[in-house]
Structure formats: structure tokens, C-alpha cells
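Let me begin by presenting the structure, written as C-alpha cells, before commenting on it.
The values are calculated or read from the model by the stated rules, or taken from the named source; none is laboratory data. Keep in mind it's a predicted model, so treat the numbers as computed, not measured. Quick reminder, even Gly has a Cβ in these numbers, built from the backbone with ideal geometry, and neighbours come from all protein chains shown.
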Amino acid sequence: MLALKVNEMSICINSIDTPSVLTKTNLPVGDYSANPYIGCTHGCKYCYASFMKRFTNHSEPWGEFLDVKFWPQIEKPQKYNNKDVFLCSVTDPYLPEEKEFRRTRALLQQLQGSEVKLSIQTKSDLVLRDLDIIKSMPNARVGFSINTLDEAFRNDMDKAVSIERRLDAMKILHDEHIRTICFISPIFPGITDVQAIINRVKDQCNLIWLENLNLRGSYKPVILQYIHDRYPQLTGLYDEIYLHGSRMYWELLDESIRNYAKENGMEYVVDDDSMKKPFDAPPVIVNFFYHEEIKKNARNIRAKQSND
Ligand code: SF4
């Protein structure tokens, strides 16, 4: 199937057939990832997924095209019982176009009735549309990416909904007894005020994930130029971290969050076990700084535990 159109936002839209929407993943939070779309019209300046453009025939810039996936009905959703499924790893499940195409909703409907451990990650409050299905999935949790409380900075970085709307949606879900996550990512050195965000969300989420800004590939010069133009006082710090490889900033931030967590009665960990905590317990803060090393360490710890 191939239908091509351009919507009112000048996004070039294709539809594509795919044998399966679920793929195995090495992410620390999932056995499988699901991406009902290729491309992402939130168009974040720091998008780590923009490499996906290489695997498409699109000439449009990242953020200005979208392939809408169609896949056969998942015959045995029970196959995914107790598996962690992460939605999504290289797009957002609740892009504005999801209102029309409803592919994320289709996937949720196909998984309904299984005991899949679903993690939804989004920058949109459109997720509230699917509250009925999410509520019926006992292991589901919903995360919102929030790396600032400053709408002007947010507006410079992405075309998704405002931070206020994300916070309101998080509260509605949490009030409905659905576990929620505040994903503070990417943390921009000198700009993202981690403690202010935690203070704002701590009564409406169960988990707080922290991820540092990684700069690689084509968006590295874009972000460095942005910092140079808009935050010239931070140029030295960014050069130190992203041109000279210093980790000092992250080490100091790690220490300050450890102290903050202690003072506020919160757990601060590098592995995620919050699904086992009572719903009303204070949120657990999970540090995903240096993803690759953490994954390696977690694998070593698991291997050691299974040998003991
Ligand atoms: S929401 Fe995620 S996948 Fe989409 S553009 Fe932003 S960083 Fe990339």
C-alpha cells in the first residue's frame, strides 16, 4: 500500500505495510519496542532518532515526513505476557497525526487482554483519548518527557504540546491510578533544573527517569550553535562536556540529586523496580546517565546473580 499526501502542516505522509510492529530491543526498559510510525513530527532539535531518515526514501528533513505503518492483527497477544513493551523508541505514539490514523490505538486494542507490561512514552496529552484501554491494562504505565518548566525553551526545542498540558495529562492519569513517569530528558547542562521539575511532579508520578543530553551525529553542531546564540554564557561548559569529554557536570549533578533524594525520602537507583512499590509511595528516581555503561553493568550484575 502506498498513499502519499501532504497535510495542512506540510508534512509528507506515506502509508506502509509491515509484517510486525513489535521488534526486540536492547533498551534498558523494554524487551520489545513498538513504533506505529516512522518519522516524528514533534521535530525535536536534539532528536537522537533522526538517523531513521536513512532507512526511508524521504528527501524531506526529519520532522517533515511520516510513514504510517499498517501490520497484520497480532494473533496471540498472550505471547507478550510479562514482556516489557516500550512504545515508542524512535517516534512518539501520540503525534498530532495519530488523531486521524489511530495506529497507536489499534496497537493497544490488539494487545488488550494480554498481560503485557506496557510503557508508553510521549510528549502529548492525546494519550488521554486512550484512557479507556490503558485503564484496562493492569501493567501499563505512561511517561511524559519534560526537560524544562520554561515554555520558551521548550518551544525552541520541539513542536509538541506545552509543558503545562503534559503536566495536566500526567495528573489526570495518576488520579486514575495509572502509574506515571516523568522522563527528565535530555538534561541540558545549565538549563534543565532537575530539582525544580521533581518538586513540580513528585505528587503525580511514580517514577522519575533522568537522562543526560548526548550529542552526536548531525544534531551536535545544531545544538552547540543554539547554545552559542541563545546561552552564550554556557558555551564554555558545553565545549568542556561535548568537545573535551568532561564528566564533571554529570558527576556533580548525580551527587546533588542523591542528596536531594535522601533529604526528601526518595529512592535513587540505577535499576527500575518501581512497579513493585505501593502506588502512593514517593516516586523512585532512576538515573540513566551513560546508558551504555549502565546497560553493561546491569548485565554483569544479572549474570553474577544468576551464577550465585
Ligand atoms: S519526540 Fe522523540 S522521536 Fe520525536 S522528534 Fe522528539 S526526540 Fe525525536
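The table below lists the values:
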{"quantity": "Filtered residue count, segment 122-149, keeping only those that are touching a residue at least 40 places away in the same chain (Cβ under 8 Å) and more than 16 Å from the chain's Cα centre (by Cα)", "calculated": "6"}
{"quantity": "Strands (runs of 3 or more DSSP E) contained in segment 42-155 and holding at least 1 residues in contact with a Leu (Cβ under 6 Å, 6 or more places away or on another chain) and away from the ligand (no atom under 16 Å from the Cβ)", "calculated": "84-87"}
{"quantity": "Where Y231 falls short, out of the listed (1) closer than 30 Å to T180 by Cα; (2) surrounded by 13 or more Cβ atoms within 10 Å (Cβ to Cβ); (3) out of contact with any helix residue (DSSP H, G or I) (no Cβ under 8 Å at 6 or more places or on another chain)", "calculated": "(1)"}
{"quantity": "Identity of the residue in segment 18-41, within 19 Å of S124 (Cα to Cα) and out of contact with any Cys (no Cβ under 6 Å at 6 or more places or on another chain), that ends up nearest to the ligand (Cβ to nearest atom)", "calculated": "C40"}
{"quantity": "Some residue of segment 266-279 being farther than 18 Å from D193 by Cα, among the hydroxyl-bearing types (S, T, Y) and modelled with pLDDT of 95 or more", "calculated": "no"}
{"quantity": "Meets criteria (surrounded by fewer than 17 Cβ atoms within 10 Å (Cβ to Cβ) and among the small types (G, A, S)) for A196", "calculated": "yes"}
